[in-house]
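Below: the structure, in structure tokens.
The values are calculated or read from the model by the stated rules, or taken from the named source; none is laboratory data. What you see is a predicted model; the values in this text were computed from it and never measured. Glycine also receives a Cβ, built like all others from the backbone with ideal geometry; neighbour counts cover every protein chain displayed. The protein model used for the area step is the full one, side chains on, heavy atoms only, and it has no ligands, DNA or RNA in it. Shrake-Rupley method; radii C 1.70, N 1.55, O 1.52, S 1.80 Å.
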Amino acid sequence: MLPESRPGQGTANVTPNIIIHRRRSRRNLVAIEVKPSDSTDLARDRQKLRRYQTEPHLLYAFAVLVTYRNGTVAFDPIERVLAD
């Protein structure tokens, strides 16, 4: 379960870099995390994105991890994270 940002509110304290959703509705489309490819947090980011698809108060349709190489303008292939 994701930690609450405000006790009793049921909202996550961890937010992806980009989210696309309709406010005040359950229509959550995509959560996107963008990180350097040498980040030590990629496994945790994948887990977080999976939870954005499975937590009852979130239920995003898609989750995407975008990694880039430091010092270059190249991006790695975009990774769609699938819920377990």
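Among residues of segment 66-77 that are closer than 13 Å to SER39 by Cα and modelled with pLDDT under 80, those with a beta-carbon under 8 Å from a residue that is open to solvent by less than 100 Å² (accessible area, probe 1.4 Å) and of a type in the set (Ser, Thr, Tyr) at least six positions away or on a different chain give the pairs ASN70/SER37. Scanning segment 1-22 for residues that are in a loop (DSSP other than H, G, I, E, B), farther than 18 Å from TYR68 by Cβ and at pLDDT 85 or above gives a single hit, ARG22. The number of residues in segment 23-62 that are more than 16 Å from ASP76 (Cα to Cα) and in a strand (DSSP E or B) comes to 5.
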